[in-house]
């Protein structure tokens with residue numbers, strides 16, 4: 001939870017008039033000003049218009065801007081309470097300096113595109129939107145988990161080459177998800193939804209998160225949990241402590257034949273180590289939706305092997321994405337207006 005965030009100490013002159021930055025007590029009494037910088041391609045003009053109209057009726061004025069950082073500065077100088085961005089827009093120190101004392105909301109779950117050090121220095125609160133992609137990511141993990149546990153990518157690989165590999169089934173050892181053990185790294189909004197889904201499917205769940213304590217599942221340290229895993233799924237943010245978290249040494253701690261799913265951030269999993277252990281047969285399957293660099297330059301080479309599922313950072317997408325973003329942004333902005341808190345705050349220190 002972000003604490004100590006008060007109204008801005010400066011005054012601005014704009015077409016809204018001369019406005020003293022309010023305290024939380026009187027913040028609700030005037031129009032809150034929001035800049036939507038480079039909305040995602042998932043949001044149609046109808047989505048943005050609907051959002052703007054709905055928020056305006058609630059006393060929140062939203063303006064959409066598209067373009068480089070230089071075009072943003074003048075609009076911030078005129079007055080901005082919240083800057084709304086996507087993961088495709090880097091928010092660096094020069095932008096954050098102009099937002100001193102205000103807030104940034106990202107329409108994504110991840111927030112590594114925002115300079116948190118600069119936010120801390122300039123007292124800029126940060127919120128995120130994990131609810132937008134939560135259900136889609138959970139369904140992706142379930143779909144890929146079923147496919148990998150049943151060894152479907154390996155069977156498809158052989159079939160595409162005209163191989164009738166039924167005799168290899170004992171060696172491939174497809175197994176049921178029921179009574180398997182899943183290790184879930186990261187117990188945030190998506191990670192907790194994932195543990196709930198696994199439990200409904202009869203999966204034993206071990207959670208790993210040094211910052212979250214829960215009571216309905218077992219929790220262990222990472223190195224304690226890995227030897228128990230039939231399935232490892234990643235749901236943590238890319239931070240200094242999580243980059244390179246899962247490499248060869250830890251992958252080798254998994255049971256032979258375990259499957260790994262990464263729909264979090266590419267930097268968390270050492271992809272080359274995972275692929276090598278897949279090729280050597282230690283891993284029974286690998287699903288990769290996020291990459292160390294995107295677009296990943298060798299997708300074709302990556303997929304030319306047994307046991308792998310690859311997608312282009314697509315796990316969180318669904319056909320109603322625009323509507324989900326609109327609802328989440330509206331909820332978050334109303335919460336900020338009412339309480340100076342986001343539903344899903346990012347700790348900036």
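Rule-based calculations on the coordinates, nothing more; no lab input. Since the structure is predicted, the reported quantities are computational estimates derived from the model, not experimental observations. Note that each Cβ is placed from the backbone with ideal geometry, even for glycine, and that neighbours are counted across all protein chains shown.
Normalised by the number of residues in the chain, the mean separation of alpha-carbon contacts (under 8 Å, six or more apart) gives a relative contact order of 18 percent.
Sort the following peptides by mean Cβ neighbour count (other Cβ atoms within 10 Å, averaged over residues), highest first: 141-150, 202-211.
Details: 141-150: 20.3, 202-211: 17.2.
Packing proxy ranking, top to bottom: 141-150, 202-211.
Over all Cα atoms in the stretch 97-140, the spread is summed up by Rg and Dmax: 12.7, 39 Å.
Springs between Cα atoms under 10 Å define the GNM used for the chain, and in it the highest mean-square fluctuation of 68, 218, 264 occurs at 68.
When each of 137, 275 is scored by the number of other beta-carbon atoms lying within 10 Å, the sequence from fewest to most is 275, 137.
Using only C-alpha positions, report the orientation-averaged shadow area of the convex hull of the stretch 208-253, nm², one decimal. The partial results should precede the final answer.
Working: hull surface 14.4 nm².
Mean orientational projected area (the stretch 208-253, Cα hull): 3.6 nm².
Working from Cα pairs under 8 Å separated by at least six residues, relative contact order for the stretch 133-310 is 22 percent. Quotient of the Cα radius of gyration of the stretch 211-349 and 2.2 N^0.38 Å, N being its number of residues: 1.24.
Build a GNM of the chain with springs between Cα atoms under 10 Å apart, and of 33, 166, 63 the one that fluctuates most is 166. Working note: Debye formula, equal point scatterers on the alpha-carbon atoms of the stretch 125-222, no solvent; log10 I(q)/I(0) at q = 0.11 Å⁻¹ is -0.44. Given the options 263, 154, 109, which has the most mean-square fluctuation in a GNM of the chain, springs set between C-alpha atoms less than 10 angstrom apart? Residue with maximal mean-square fluctuation among 263, 154, 109: 154. In the stretch 133-310, the convex hull through the Cα atoms has an average projected area of 9.9 nm², a quarter of its surface area.
If you average the alpha carbon positions of the stretch 93-156 and of the stretch 287-319, how far apart do those two centres end up, in angstrom? When both Cα centres are located, 17 Å separates them.
Evaluate the chain: find the radius of gyration of its Cα atoms, find its Kirkwood radius, and give the ratio Rg to Rh. Can you show the working numbers first?
Numbers: Rg = 22.6 Å, Rh = 21.8 Å.
Expressed as Rg/Rh, it is 1.04.
In plain terms, the residue of 31, 86 with the fewest other Cβ atoms within 10 Å comes first and the most crowded comes last, giving 31, 86.
By count of other Cβ within 10 Å, fewest leading, how are 220, 321 ordered? Show your work: numbers first, answer last.
Values: 220 14, 321 20.
By the 10 Å Cβ count, ascending, the order reads 220, 321.
Over the chain, DSSP H runs of length four or greater, each weighted -39,500 (n - 2.57), average out per residue to a 222 nm ellipticity of -10000 deg cm²/dmol.
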